[in-house]
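Scroll down for the structure; my scribbles are underneath it.
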Amino acid sequence: NAGVMQNPRHLVRRRGQEARLRCSPMKGHSHVYWYRQLPEEGLKFMVYLQKENIIDESGMPKERFSAEFPKEGPSILRIQQVVRGDSAAYFCASSPPGQGFQAFFGQGTRLTVV
Amino acid sequence: GEDVEQSLFLSVREGDSSVINCTYTDSSSTYLYWYKQEPGAGLQLLTYIFSNMDMKQDQRLTVLLNKKDKHLSLRIADTQTGDSAIYFCAEKWGSQGNLIFGKGTKLSVKP
């Protein structure tokens, strides 16, 4: 059973471009969480999704950021018109239904905006 | 409030015990966690404790929870150089939902 898979591991974007970050949860996990880690900081919650539903997006910036978790395929975190302040590590975690207390994290995507 | 507080640095000698402390502010937290992050890597779940427990032991790791003081600690016995990493304390409210993380404690183990 592969762990939570995130790709790409590293992503470089110029200011104004779009960034797409992908997360494939562990097999059997239907809950996905996205977190952002700024340098020298802890992880900050962004969004919690179940298949085809956004459950909690209270940590998402109001503009330029969106997330989805379709019925088929990975969860996508999309950042439009990136700015330097978006440079961070973005982590995805997944948990199985009914056992949300156990969240397993991916290796993260390190986004650098130049 | 949503602040989980940890000291930023801890340095120990190989073979000594390490104790990493954390305070949280929400008494309704149901689960508390310790994660380990090595440089450039993701977060590895080390252990967790349910809020109705006082202590949990798993090999070299001992977690102590003081709900009255909202204090959580992680003790690593016989610390090794491979234990050098950043350790994050986190809390969760309810059985689903997100985790609230501290800023992490950087543990340095000197030979």
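The values are calculated or read from the model by the stated rules, or taken from the named source; none is laboratory data. This is a predicted model, so every value here is computed, not measured. Reconstructed Cβ throughout: ideal geometry from the backbone, glycine too, with neighbour counts over all protein chains shown.
Within region A:71-106, how many residues turn out to be assigned to a loop (DSSP other than H, G, I, E, B), surrounded by fewer than 16 Cβ atoms within 10 Å (Cβ to Cβ), on the phi < 0 side of the Ramachandran plot and modelled with pLDDT of 95 or more?
Residues meeting the conditions: 2.
Are any residues in region A:92-106 touching a Cys at 6+ places or on another chain (Cβ under 9 Å) and under 13 Å from B:LEU45 (Cβ atoms), and if so, which ones?
A:ALA93, A:SER94, A:PHE105, A:GLY106
Quick one: count up the residues across region A:39-49 that are at pLDDT 90 or above and more than 9 Å from every other protein chain (Cβ to nearest Cβ).
Going through region A:39-49 one residue at a time, the tally reaches 1.
Could you tell me how many of the residues in region B:43-52 are at pLDDT below 90 and more than 11 Å from chain A (Cβ to nearest Cβ)?
1
Taking only region A:22-38 into account, find how many residues are touching a Pro at 6+ places or on another chain (Cβ under 6 Å) and within 12 Å of chain B (Cβ to nearest Cβ).
The qualifying residues number 3.
Looking at B:GLU5, is it surrounded by fewer than 17 Cβ atoms within 10 Å (Cβ to Cβ) and within 11 Å of chain A (Cβ to nearest Cβ)?
Considered against the rule, which asks whether it is surrounded by fewer than 17 Cβ atoms within 10 Å (Cβ to Cβ) and within 11 Å of chain A (Cβ to nearest Cβ), B:GLU5 comes out as yes.
So that you can scan it fast, the table gives a plain yes or no per residue for (1) over 19 Å from B:LEU99 (Cβ atoms); (2) of a type outside the set (Gly, Ala, Ser); (3) within 14 Å of chain B (Cβ to nearest Cβ):
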residue: A:ARG20; (1), (2), (3): yes, yes, no
residue: A:ILE54; (1), (2), (3): no, yes, yes
residue: A:LYS71; (1), (2), (3): yes, yes, no
residue: A:LEU77; (1), (2), (3): no, yes, no
residue: A:VAL83; (1), (2), (3): yes, yes, no
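Name the single residue, out of those in region A:56-69 being more than 11 Å from every other protein chain (Cβ to nearest Cβ) and among the small types (Gly, Ala, Ser), that is surrounded by the most Cβ atoms within 10 Å (Cβ to Cβ).
A:ALA67
Which one of the conditions (1) in a loop (DSSP other than H, G, I, E, B); (2) in contact with a Lys or Arg (Cβ under 9 Å, 6 or more places away or on another chain) does A:LYS62 fail to meet, given that it meets all the rest?
Checking A:LYS62 against (1) in a loop (DSSP other than H, G, I, E, B); (2) in contact with a Lys or Arg (Cβ under 9 Å, 6 or more places away or on another chain), the one that fails is (2).
For every residue, the table says whether it meets (1) away from every other protein chain (no Cβ under 14 Å); (2) within 24 Å of A:LEU43 (Cα to Cα); (3) touching a residue at least 60 places away in the same chain (Cβ under 8 Å).
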{"site": "B:GLU14", "(1), (2), (3)": "yes, no, yes"}
{"site": "B:THR25", "(1), (2), (3)": "yes, yes, no"}
{"site": "B:TYR33", "(1), (2), (3)": "no, yes, yes"}
{"site": "B:GLN37", "(1), (2), (3)": "no, yes, yes"}
{"site": "B:ALA41", "(1), (2), (3)": "no, yes, no"}
{"site": "B:THR62", "(1), (2), (3)": "yes, yes, no"}
{"site": "B:ALA77", "(1), (2), (3)": "yes, no, yes"}
{"site": "B:GLU91", "(1), (2), (3)": "no, yes, yes"}
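Of these, B:THR47, B:THR23, which one is over 22 Å from A:TRP34 (Cβ atoms), polar (S, T, N, Q), surrounded by 14 or more Cβ atoms within 10 Å (Cβ to Cβ) and touching a Lys or Arg at 6+ places or on another chain (Cβ under 6 Å)?
Matching residue, one of B:THR47, B:THR23: B:THR23.
Given the conditions (1) more than 14 Å from the chain's Cα centre (by Cα); (2) of a type in the set (S, T, N, Q); (3) more than 8 Å from chain A (Cβ to nearest Cβ); (4) crowded, with 17+ Cβ neighbours inside 10 Å, which single one is not true for B:ASN98?
(3)
Out of B:ASP16, B:ASP78, B:ASP69, report the one residue that is in a loop (DSSP other than H, G, I, E, B), over 22 Å from A:PHE105 (Cβ atoms) and touching a strand residue (DSSP E or B) at 6+ places or on another chain (Cβ under 8 Å).
Exactly one of B:ASP16, B:ASP78, B:ASP69 is in a loop (DSSP other than H, G, I, E, B), over 22 Å from A:PHE105 (Cβ atoms) and touching a strand residue (DSSP E or B) at 6+ places or on another chain (Cβ under 8 Å), namely B:ASP69.
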